1. Counting only protein chains, not ligands or nucleic acids, how are B:Ile410, B:Ile152 ordered by accessible area (probe 1.4 Å), most first?
2. Could you put A:Lys103, B:Lys349 in order of accessible surface area, largest first, with the 1.4 Å probe and the full protein assembly present?
3. Give the ranking of B:Val404, A:Val182, B:Val88 by solvent-accessible surface, highest area first, calculated with a 1.4 Å probe.
4. May I ask which residue of B:Leu382, B:Ile471, B:Phe139 lies farthest towards the positive end of the charge dipole of segment B:119-475, with charges of +1 (Lys, Arg) and -1 (Asp, Glu) on Cβ and the Cα centre as origin?
5. Working out 0.36 nm times the residue gap between B:Leu382 and B:Leu130, then minus their Cα-Cα distance, what length gain in nm do you get to one decimal?
6. Can you work out the FRET efficiency for the pair A:Arg171 and A:Thr13, with r the C-beta to C-beta distance and R0 = 51 Å, to the nearest 0.05?
7. Heavy atoms of the protein only, probe of 1.4 Å, neighbouring chains included. What is the accessible area of A:Asp106 in Å², nearest 10?
8. What size of dipole, in debye to the nearest 20, comes out for segment B:119-475 about its Cα centre when the only charges are +1 on Lys and Arg C-beta atoms and -1 on Asp and Glu C-beta atoms?
Amino acid sequence: MTTEPKLSAGAATPRWQADPILSVERLTMRFGGLVAVGDVSFDVGRGDITALIGPNGAGKTTVFNCVTGFYKPTEGRIVMRHGAGRQDETVRQLTDSGLRWKKEGDSGVFLLERMPDYEIASKARVARTFQNIRLFGGMTVLENLLVAQHNPLVVASGFTFGGILGLPSYRKSEREAIDKAVYWLERTQLVDRADDPAADLPYGAQRRLEIARAMCTDPHLLCLDEPAAGLNPRESADLNALLKFIRDEHKTSVLLIEHDMGVVMEISDHIIVLDYGVKISDGDAESVKTDPKVIAAYLGVEEEEDIDVPEVLEDVVETIGEVAVGSLQPDAKGENRGGDK
Amino acid sequence: MASPEASIPASVQKPMGAQGRAAAPGGARSGAGEGGLAGSLRDAALAAFLAGVLGFFFIGLRADIAPGGLDLRARWGAWIVSILVVFVGRLALNLFVFRTSKPVTKTIGARLTGLSDAVPGLGKWLTRALLVFALVLPFVVTTFFSSRDRQIIDLAILIMTYVMLGWGLNIVVGLAGLLDLGYVAFYAVGAYSFALLATHFEFIGFWTALPLAGLLAAMWGIILGFPVLRLRGDYLAIVTLAFGEIIRVVLLNWYEFTGGPNGISGIPKPTFFGLELSRGDDGMAAFFGFEYDPIQRFIYLYYIILLLALITNLVTIRLRKLPIGRAWEAMREDEIACRSLGINTRNTKLTAFAIGAMFGGFAGSFFATRQGFISPESFTFLESAIILAIVVLGGLGSQIGVVVAAVVMIGGMELLRNLDFLTYIFGPDFDPVRYRMLIFGLAMVFIMVWKPRGLVATREPSAVLKEKKRIGADMVAQGEGH
């Protein structure tokens, strides 16, 4: 079943296990007789960019939908933590108590499998984007970002009553909301198109807008479902820079599903590989891309079979990505030859 | 509004494309103009032939009841006239719309678009002009049309009631995108709330009952909202339709409480700060020392409904710029994305139903006080359909569109009652009232073909950073049930 995480730095506990923002524990999702995700456990480190990869149909989006509450998992626990540390004692108490979350000051523990999707976004502060972009197409770019700030603005508008009366406090909050929207529009190079309908934007800009919209909810964890899908190399590079900016400047942890290995290998601090609904590898970029199970999964080779055909090896290298070319090729070849002898 | 071409409805452009393909071989044979004309004639002849065949029994023969059976009479004149009408009409359509490179409809559409582009503040000025007109209307009418003033003001009150109902329904259908076919239920709840409160408790007058009726209607809006929360599309429409009928049937059959089909009569008239608008010594006219005239009561009613409608409009405009209004529109665009942003869509839907219903309730209690008598007959499905037609015709989510549509629909229907001049054309037997609904239906079909997204199809953004750009209807989603 699940493999032990490959530890790149010897026996030391990896960062994502010491201080996880999100722990998925023994998650199982069945659709009728089909087991889409079977007994998957992983941790997402605080302040990391974590990538969830795997071939098509591996169950990545299902895991995502469970984490963000769009599916109710059949079994398993999904713990979201605000504040440092694993907070194991609180998690256990909360699980036994039957409550959905517990919040004390800045720290809090949220059991996502018990919460409805909108609460996961508003209370547990997990924001997400969608594989097939879901923008409010008939609303302007700016309006999209204001809708994302709905919950604080509703409070500021005195639950609508103050707003109808035109209280100045609401106008002030609305100006602040617009400022925040403009900040993210500048970050995503969309400020020139702020007054255009979202459906009018080109594809790459729509992807960026969706990320900007998610960031306007002030998330602790940002979940991106294939953010680089359909982007050209230049746009992918911009995306990398944006995600690094989000991680470094906003201290927001990022969990992403991605097929573009260029993006994954370059920016990920931690990679989890799923195949047929089961986790097959877990570790940093270096350890994952040399993991024979991962290579086998991407090529559809039997697990134990050695790869000694040079053409196949080239394919492997291509699949894992250009970024890995330099490091993988001689290394992998050496290993395989060693195995043969 | 990128270019005039882009805003022409697709339905107009379609025949052109079809024509392009059809005319190409003809043009290669004998020159574009001739081939087009010959083809048009052939097509028109075919249409006339079909009309002749179909019309032979429907128009050409007439059966009258005669002693001992039916008397069959041929009406060759009418038959030939109908064939000719079809031939000429089809030929004209072919020549000017279907088979020409510059269809007339397209030219008209482009002109109209050009007009609104040329005068940027047109909508704004139209709004202001309409508001001023609405404010001074009673004085204009009493001064210039004093012989028919009561009739005209009554019609203005009726139109204004529908404007208000349209604005109320616009919140649910236009902004939140929830197709509600049972809106008349809230109109009924408002009317019956006021009627029952006023007839059972003497101290409750119109102004006290108005907020209570609104609250009760809002409560019923929430009661309707709960079961339909999870419904989408056609199912939502059917359940709301059923809800409207349930309310009406309950009002009809709960005899002890609502009076059943007899309705409720003797509903008090609204007072002016406690003063009645009557001839007596304690009436408003006596109090202020001017002469009493029955028209004053109608003018007063007119201003009440104008005030209520304007409140509805102002609140809606405000709500659109508040988070709740943006959440409604976002929900219409994409409900799943809304939830991913932490918006509680259940509460958002319920507020839309409740606020829409509340304005329906206000309008209902006004209706009760104006009529003085209500019965379930006033709250049939046809009313819901008319209100929805006003909203759809005006353009979903457009406030000014609703006004124009209400004037056209309600005013137009009344206008058709007065088409006396048609009797000069068609002879004294002709009764225009009988064709009222036919003409009305045709007009609606034409408007929907010409402007499939309503008269005002563009959406105005609720927040602007630099430059306000209106959003074309093709971008805006219509929500559930369309």
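1. So, going from the largest accessible area down, we get B:Ile152, B:Ile410.
2. In descending accessible area the options line up as A:Lys103, B:Lys349.
3. Final ranking, largest accessible area leading: B:Val88, B:Val404, A:Val182.
4. Result: B:Ile471.
5. Roughly 88.0 nm would be gained on extension.
6. It comes out at approximately 0.55.
7. The accessible area comes out at roughly 140 Å².
8. The calculation lands at about 1420 debye.
The values are calculated or read from the model by the stated rules, or taken from the named source; none is laboratory data. The model shown is predicted, which means the values in this text are computed figures rather than measured ones. Quick reminder, even Gly has a Cβ in these numbers, built from the backbone with ideal geometry, and neighbours come from all protein chains shown. Quick note on the areas: whole protein, heavy atoms, side chains included, nothing else; ligands and nucleic acids left out. Shrake-Rupley method; radii C 1.70, N 1.55, O 1.52, S 1.80 Å.
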